[in-house]
Structures are given as C-alpha cells and as structure tokens.
1. Could you give the nm distance between label points at residue 19 and residue 230, where each point is 7 Å from its Cα heading toward the beta carbon?
2. Taking K and R as +1 and D and E as -1, what net charge do the other residues with C-beta under 14 Å from the C-beta of residue 216 add up to?
3. From the alpha carbon gyration tensor of the chain, can you work out the equivalent ellipsoid semi-axes (sqrt of 5 times each eigenvalue) and give them in Å, largest to smallest?
4. Give me the angle, in degrees from 0 to 90, between the Cα long axis of helix 122-134 and the longest principal axis of the Cα atoms of the chain, rounded to the nearest 10.
5. Quick check: net charge around residue 205, other residues with Cβ under 10 Å of its Cβ, Lys/Arg +1 and Asp/Glu -1?
6. Quick one: plug the Kirkwood hydrodynamic radius of region 1-58 (C-alpha pairs) into Stokes-Einstein at 10 °C, 1.306 mPa s, and report D in µm²/s.
7. Among 211, 169, rank each residue by its count of other Cβ atoms within 10 Å, from fewest to most, as a rough exposure measure.
8. Using the Cα atoms of region 67-178, I'd like the radius of gyration and the largest Cα-Cα distance, Dmax, both in angstrom.
Amino acid sequence: MTVPVAGVRGLTRRFGERIVLDGLDLDITGGEFIALLGRSGSGKSTLLRALAGLDGGAEGVVEVTGSVAVAFQEPRLVPWKRVAANVALGLTAPDAAVRAGRALEEVGLAARADAWPLTLSGGEAQRASLARALVREPELLLLDEPFSALDALTRITVHQLVLQLWRAHRPAVLLVTHDVDEALLLADRVLVLSEGRIAHEAAITAPRPRHRDHPELLALRTRLLAALGVVVPQEAS
C-alpha cells in the first residue's frame, strides 16, 4: 500500500497581480518518481519551494509528512568548506562525518572528500549536492533542474546515478525539468503545469532502462509536447 508523503490543496501563489499557482492540487506517494514539466514561468520552482517550506507567501494547504531535502540547479556548495563538510552541513547527529563519508562514497566522490568546492567539475559539484541531500535520508527529495547546467555526457552519467540512488533509498522524488526526454527516461509519472494548475498527467509503465524509441515513450512524448504547446511536424509518408 502506497502512503502519501506530501499533498497540496488549493495552492495559490501571487506575485503582485500575477497568479503563478491557481488553486493547485497534488498528491505525492512514497517511493514514486515524478517529473514536473512546464514552460518558463509556469510555477514549477514555485511549487517546489512551497513543498520545501521555503515560500511563506503561498496560500492553501501544504502537508508534508516526512523529511524533505532539496538539490537545486546550482550546487550551492559553501566555498570555504571542504566537500565532506559541505555534505555534513547542518547535520547535528554525532556520526555526521561518518554519514557524510558514506554519502560521498555512494555518489562516487569519496576520493574528493577533502577537496575544495571550486576544484570540482560541474558533474562532481552536482554529485556533492546530491550527497548533501541524501545524507539527510529524506522521504521526499526535491530536484530543481539539477542537470540543466551539465554537458550532455555528464548529464547521462548523473541521470543513471540518480536512478541508482532512488532505487537504493526509495524516497519520493519530484524533479522539475524543461526536458521532456529527461522526464520520460527518469519518471514514473509526468505532470505538465500550465496556468497555475496541473494541465496534463501521465503514468509511464515502460520498464527501465528506457530507450527513446520505445513505442509508449514516443507516443507520450508527442502528447507532452502538445500539452506544452509544441507541435511536432508529421513525417511525410
């Protein structure tokens, strides 16, 4: 039986006269991997910040029953602390250093534990950010476009790492992304946010590892692009 880890009801967020979220409803169950798509300015990151408890201006009900961790588009590592100290930042447990070491080992950065953040590559910095999120053993992991600044090859590697970590720890994941193909390769459920509400929702049943030419993914890709206002030209027969 799946257990909800988060839910929002009637979530509304205004910035001046502009309504970004308009009475949005959403449930997130334990262990599921959700990708949230939408045009720029559609409110994706605003919803994520509300779930993370980082937006005090939102109206409506936001209920999160478990612990939450966030990995942002920028790794946001503190430059004057070494990598291991960044991962352990904010942990109060007496074994914080041990837990940080385990998390770095999981993301393949054990050898860089004593490095300074500015010496890391983009992929390494994002791995450190993931380790910092996972060391808190969250029941809800919020990912705010964490792959967008990575080159194509590094992005593929980090995609596989995220799936590996998700299988090992089974948090619920909400991934904010602009990339339809990324959503199809990673998620169990894809949502499209438009005009402040969930305008389209689709479950993905294709087994992992997924290939872009899988019939289910090809059909769903077309539907998602249409929901985002992108028309894909039909090939001439």
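Derivation of every value follows stated rules applied to the coordinates shown; laboratory data play no part. Computed from a prediction, not measured in an experiment: that's the story for all the values here. Methodologically, a virtual Cβ is constructed for each residue, glycine included, from the backbone with ideal geometry; neighbour enumeration extends over all protein chains shown.
1. Spacing of the two 7 Å Cα→Cβ label points: 2.8 nm.
2. On the way: positive: 189, 208, 210, 212, 221, 223; negative: 181, 188, 213.
Result for the local shell: +3.
3. Working: eigenvalues 178, 101, 55 Å².
Ellipsoid half-lengths, sorted descending, are 30, 22, 17 Å.
4. Roughly 90 degrees, rounded to the nearest 10.
5. Surrounding charge for residue 205 is -2.
6. Working: Rh = 12.3 Å.
It diffuses with D of about 129 µm²/s by this estimate.
7. 211, 169
8. 12.8, 39
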